[in-house]
Amino acid sequence: MDDDADVVTLTYRASDSAGVAASLRNETFQQYLRRSKSGTVAVGDEWDEVVNDGCGTTTAVTLTVTAVRGGETVGETTRFSFSPPVVS
């Protein structure tokens, strides 16, 4: 679809855990985001999610949209990039 964003850049507030970063970048999680967040996306949107932090533990994270390139909606071809965690 022509309105689909090419890349959505997100920051997250969570522990500095390598497990959280790895889970966010996992293709399965990114597929989940494409499906659950399909539709219009804008800078400033916040998404509350829970990710695997390794060894069966989970961590709540808030993903904040900081940039949207190439369109205005999340679609099946949208990729996600994650900038370093925001220090709270």
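Every read-out reported here was derived from the displayed coordinates using simple, explicitly stated rules and does not represent laboratory data. In this text the structure is predicted, and so the values were computed from the model without any measurement. For neighbour counting, all protein chains shown are included, and Cβ atoms are generated from backbone atoms with ideal geometry for every residue, glycine included.
When only Cα pairs under 8 Å and 6 or more residues apart are kept, what is the percent relative contact order across the chain? Spell out each step's value before the answer.
On the way: 176 pairs, mean separation 47.0, N = 88.
Relative CO of the chain lands at 53 percent.
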> By DSSP, what percent of the beta bridges with both residues in the stretch 7-82 are antiparallel, rounded to the nearest 5?
Replying inline: 80 percent
> About the Cα centre of the chain, what is the dipole size in debye to 20, counting +1 per Lys and Arg Cβ and -1 per Asp and Glu Cβ, all else neutral?
Replying inline: 220 debye
>> For Gly75, what residues show an amide H to amide H distance below 5 Å, using hydrogens built from the backbone and excluding near sequence neighbours?
In response: Ala5
> Counting only residues 5 or more places away or on other chains, whose amide H sits under 5 Å from the amide H of Val61 once H atoms are built in the peptide plane?
Replying inline: Glu49, Val50, Val51
> Out of Thr40, Thr9, Ala60, whose Cα points farthest toward the positive end of the dipole of the chain (charges: +1 Lys, Arg; -1 Asp, Glu; placed on Cβ)?
Replying inline: Ala60
> To the nearest whole percent, what portion of all C-alpha pairs in the chain is separated by more than 20 angstrom?
Replying inline: 29 percent
>> Can you give me the distance in nm between label points at Tyr32 and Cys55, each placed 7 Å from the Cα along the Cα-to-Cβ direction?
In response: 2.0 nm
>> Can you work out the Karplus-derived ³J(HN,Hα) for every residue in the stretch 64-73? Use 6.51 cos²θ - 1.76 cosθ + 1.60 with θ = phi - 60°, whole Hz, and x for glycine or proline.
In response: 10, 6, 10, 7, 9, 10, x, x, 10, 10
